[in-house]
Each structure stands twice: as C-alpha cells, then as structure tokens.
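What follows is a set of notes on a single structure, which appears directly below.
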Amino acid sequence: MAPVLGYWDMRGLAHPIRMLLHYVGEEFEDRRHTPGPAPDFSLDPWLKIKFTLGVPFPNLPYWIDGDTKLAQSHAIIRHLARKHNLCPKSEAETIRCDVIDYQVNDFTWDLIYVCYNDFFKMGNYEQRRIEYLDKLPSKLKQYSDFLGDFPWFAGNNLTYVDFMAYEIFETHRAFAPGCLDGFQNLTDYMDRFEALPAIRKYMQSEEFTKKPYFNKFANWRGD
Ligand SMILES: N[C@@H](CCC(=O)N[C@@H](CS)C(=O)NCC(=O)O)C(=O)O
C-alpha cells in the first residue's frame, strides 16, 4: 500500500511535502480532508477520525507509511529528506538549513495569522493586512541577503528547506503580487526551483494544486 499524506484540500503546510515527494518520485496517496459546508465549516469530518489513525499527536498534515506514522509538517519533511538524500551535506549547510527551517516556519505562521484573521479573532482584517504588507519588504530583504549568490538556501546543494522556502515565497507572490520583484536573486531562485524537471512536470500535471493556499474559512485563500 502506498504511503499516505493526509491534509486539508489546499496547499498550506502540506504543499512543500507534496512537492518534495513528486521531486523524488515517491508514490503516495495525497489524501484530502474537507471541512463541512458554509457557514459553519465544521471540522467534525476530520475530528471524528483524528484519533483513530494511530498517529502520535495527530494533526494535519500526517504521514503514514506502514508502521511509520507521524504528524508535524517539519518532522515529516525532514524524515523524507533523510530518506531521499535532501539533507545538508556539511555543518555550514546544516546551520543554514536550520536557520531557514525555523525562519520560514515563523514567516508561514505570521501569514497564517493574518489570512485566518477572523478565525483567530484577531481584529480588523483589512488593517492587519495593510500592516503586514508594510513590513513585508524588510522581511524579504533579509531572505535576499541570506541567499546572496548561492543557488539554494543551504548553499550549493538543493535541500528540503528549499521546498519550504519556495512555497512561502510563492504564497506571498499570490497574497502580495509583485512583492518579490525588487529582489532579483529571489525571483531567480523561484525560476530555478520551477525549472527543476520533476517540479516542472508536477506543476504542469493535473495532480498539482494551484489554489487554494488556505482553507475555506480563511479571510484570504488565493482564489
Ligand atoms: N505545527 C503543526 C501545525 C499543524 C496545524 O496547525 N494544522 C492545521 C492546518 S494548517 C490543522 O487544521 N490541524 C488539525 C487539528 O488541529 O486537528 C505542523 O507544522 O504540522
């Protein structure tokens, strides 16, 4: 039986994992869970099975490969990176990977809290969106400076963090069109990632999820 990647029917935290699996050519079931209909968007369909999967700390995404069962998107992608040789190759690369891994996680959740503003009861969405967009260029500049002339975030080798970094930049390109335009090395990085033959093939396939980035009950989901 093929391993299962379970997640909501959207890009979100699972998309870097999906792209990595397609990049390495590992077959898997891309299992999608859906909330109930509007206006409640009940999470019950997922909550009913959540604790039946045998996954410790069950959450979305989860990965089930025989007896190997885990949640936590970063634990899943690192497990797959070890399996498919997409780990950093030196201490210098490991440091860069670790920094980007946690930095991208913070960046992702900063955006999630804005895009799910009403769900998290965070106040006025439009005001928070504008404040977020004001700070975005200075955040992106730090990624641009860190990447410098390297082709990939670890350095010269593609690693699992590139799948995460690509996804958060791509989500921002949809949320704030043109936001990468002032950063030539980041736009080159996006082109370089999309030109990887297996990624290009996946992006052109029917399996590829172009949208939505976030769930049905988000303020912004990119559709
Ligand atoms: N730290 C976790 C966060 C997982 C998470 O918050 N998942 C959200 C979707 S993005 C969810 O709806 N989880 C289902 C649940 O909490 O039962 C990870 O990186 O996997």
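The numbers here are math on the coordinates, done by the rules we state, and not lab data. Remember, it's a predicted structure, so these values are computed and weren't measured experimentally. Using ideal geometry, Cβ is built from the backbone for each residue, glycine included, and neighbour counts are taken over all protein chains shown.
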Quiz item: With the chain treated as a Gaussian network of Cα nodes joined by springs under 10 Å, which of D134, D191, D67 yields the largest mean-square fluctuation?
Solution: D67
Quiz item: Quick one: Kirkwood hydrodynamic radius for the stretch 107-173, alpha-carbon pairs, angstrom, one decimal?
Solution: 13.4
Quiz item: Using a Cα distance threshold of under 30 Å, what count of lysine pairs results for the stretch 102-223 when pairs must be 8 or more residues apart or interchain?
Solution: 17
Quiz item: How high is the relative contact order of the stretch 91-196, in percent, with contacts defined as C-alpha pairs under 8 Å that are six or more residues apart?
Solution: 30
Self-check item: Ellipticity estimate at 222 nm from DSSP helix runs (n ≥ 4, -39,500 (n - 2.57)) divided over the chain, nearest 500
Solution: -16000 deg cm²/dmol
Quiz item: If you place +1 on the Cβ of every Lys and Arg, -1 on the Cβ of every Asp and Glu, and leave all else neutral, what size is the dipole of the chain about its Cα centre, to the nearest 20 Debye?
Solution: 340
Quiz item: Using every alpha carbon pair in the stretch 1-145, what percent of pairs falls into each 10 Å bin from 0 up to the bin containing the largest distance?
Solution: 9, 32, 34, 21, 4, 0
Exercise. Decide, for the stretch 164-223, between rounded, prolate and oblate: order the square roots of the alpha carbon gyration tensor eigenvalues as a ≥ b ≥ c, take rounded if a/c falls under 1.5, and otherwise choose prolate if a/b is larger than b/c, else oblate.
Key: oblate
Quiz item: Any idea what the relative contact order of the chain is, in percent, if you count C-alpha pairs under 8 Å spaced at least 6 apart?
Solution: 24
Quiz item: Extent of the stretch 75-205 along each principal axis, from alpha carbon coordinates, in Å, largest to smallest?
Solution: 45, 34, 31
Quiz item: Which is the longest run of the chain containing none of the GluC sites (Glu not before Pro) found in DSSP loop states (not H, G, I, E, B) with at most 16 other C-beta atoms within 10 Å?
Solution: 28-205
Quiz item: How long are the three semi-axes of the equivalent ellipsoid for the stretch 4-85, computed from the Cα gyration tensor as the root of 5 times each eigenvalue, in whole Å, largest first?
Solution: 23, 15, 10
